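Report on the structure given below.
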Amino acid sequence: MDFLSINQVSKRIGGKNIIKNVSLSVPKGKIFGLLGPNGAGKTTLIKMMVGIMKMSSGDIRIGGSSIQSEFKDAIRKVGAVIENPSFYGEMTGFQNLRYISAFHMKPNKVNIERQLEAFGLSDSANKRVKKYSLGMKQRLGLAVSLLHNPDLVILDEPTNGMDPQGIIDLRRILRGLAEKHEKTVFLSSHLLSEVELLCDYYGVMNDGELLEIKENGRAANEFRYTLSFDSTCIKRAMQLLTEAGYQVKRNEAAYELSFVLPEEKIMIVINMLNHHQIEVLNMKQARWTLEEDFIALLNANKGAS
């Protein structure tokens, strides 16, 4: 069941399309990562998801409730950190959490202390926030987003300013939320490696368009395969693979064909070629990375524009 559903959402500002008919969905208990260069529209889309910015057309539903027509029902299910979180600098970390939690419920000292501990802020709980580093403020913002036990956690560049240990801790917490508590997580990031390690699905945005949504290769067990052929049959091999629906790239000099697919499907390809009397002289296998996919999608989009 899809807990988050974005349907044909667009945003126009000054006659310019900033977000262009974006549609995506995220199942309950899964983590979705939104990638894209600066100015791609990631933060604008997230602001519309939480009602900070109104969409020009389309709709966003959270747990079945529309952000446009059922805002209170939709937003009470959400915890979010967008851009750089703001706090009262003269108050301590603990005091900020207690004050903010009062908007949702009666402040719970045990819950506040649990969130501070989870994000490595227990030793700084009684320190004024104006003395926090950027990474500490980011972690405090994450603690705020989880205070009311939301069903959907929305994070805009959550690792900004974090040290390596903070990033590792965040990854552990978010995976625990999804796997143990069936929370849904939507995050944007410019760190390809973190999205690859953390997310179940990812999408790539560029110039306000969502180029593609894919299951993470880590989860899908995808590899890049490079097959070598005799010069007399490589053309026929490429034709067969293309007709079968594979996206094939040809290395003219070495008589090689490359494509990406799950490991369990490679023998289907080999058997198909053998059935047509096409011999595979050599096969190379390499783990398909999200970085390769990201670059390929952006380059393809540039070529199409």
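The values are calculated or read from the model by the stated rules, or taken from the named source; none is laboratory data. Just so it is clear, the model here is predicted, and its values are computed rather than measured. Note: ideal-geometry Cβ built from the backbone for every residue, glycine included; neighbour counts use all protein chains shown. Accessible surface areas use protein heavy atoms only, side chains included; no ligands, DNA or RNA. Shrake-Rupley method; radii C 1.70, N 1.55, O 1.52, S 1.80 Å.
Observations on the structure shown:
- Spatially proximal lysines relative to LYS131 (Cα-Cα < 27 Å; intrachain offsets below 8 disregarded): LYS109
- Here r is the Cβ-Cβ distance between ASP123 and LYS16 and R0 is 51 Å; the resulting FRET efficiency, rounded to 0.05, is 0.60.
- Whole-number percent relative contact order across segment 169-238, with pairs defined as alpha carbons under 8 Å at least 6 apart: 17 percent
- Ignoring aspartates and glutamates fewer than eight residues from LYS235 along the same chain, the ones with Cα atoms less than 19 angstrom from its Cα are GLU243, GLU252, GLU256, GLU279.
- Candidates per GluC sites (Glu not before Pro) in segment 73-136, loop by DSSP, up to 13 other Cβ within 10 Å: GLU83, GLU90
- Taking amide H as placed 1.01 Å from N in the peptide plane, the amide H of VAL153 sits under 5 Å from that of GLY79, THR184, VAL185, PHE186, each at least 5 places away or on another chain.
- Relative contact order (percent, whole number), the chain, Cα cutoff 8 Å, 6+ residue spacing: 20 percent
- Cβ-derived FRET efficiency at R0 35 Å, GLU215 paired with ARG250, nearest 0.05: 0.85
- Fully extended contour minus Cα-Cα distance, from SER23 to LYS284, at 0.36 nm per residue: 90.3 nm
- Within the accessible area of the chain, the carbon and sulfur atoms contribute 49%, probe 1.4 Å, all protein chains present.
- A cut-off of 5 Å between modelled amide H atoms, ignoring neighbours fewer than 5 places along the same chain, links ASN206 with LEU211.
- Between ASN7 and VAL110, residue separation times 0.36 nm minus the direct Cα-Cα distance comes to 33.2 nm.
- Over 27 Å (Cα to Cα) - which of LYS47/LYS183; LYS16/LYS47; LYS28/LYS72; LYS20/LYS180; LYS20/LYS249; LYS54/LYS127 fall in this group: LYS20/LYS180; LYS20/LYS249; LYS54/LYS127
- Rel. contact order, % - alpha carbon contacts under 8 angstrom, at least six apart, segment 185-305: 30 percent
- Cα shape, the chain, gyration tensor, a/c 1.5 rule: prolate
- Spatial offset of segment 26-74 relative to segment 192-211 amounts to 15 Å, using the alpha carbon center of each.
- Scalar couplings 3J(HN,Hα) for segment 8-13, obtained by applying the Karplus form with A = 6.51, B = -1.76, C = 1.60 to θ = phi - 60°, are 6, 8, 10, 9, 10, 10 Hz; x denotes Gly and Pro.
- For LYS180 and LYS54, the difference between the fully extended length at 0.36 nm per residue and the C-alpha to C-alpha distance is 42.0 nm.
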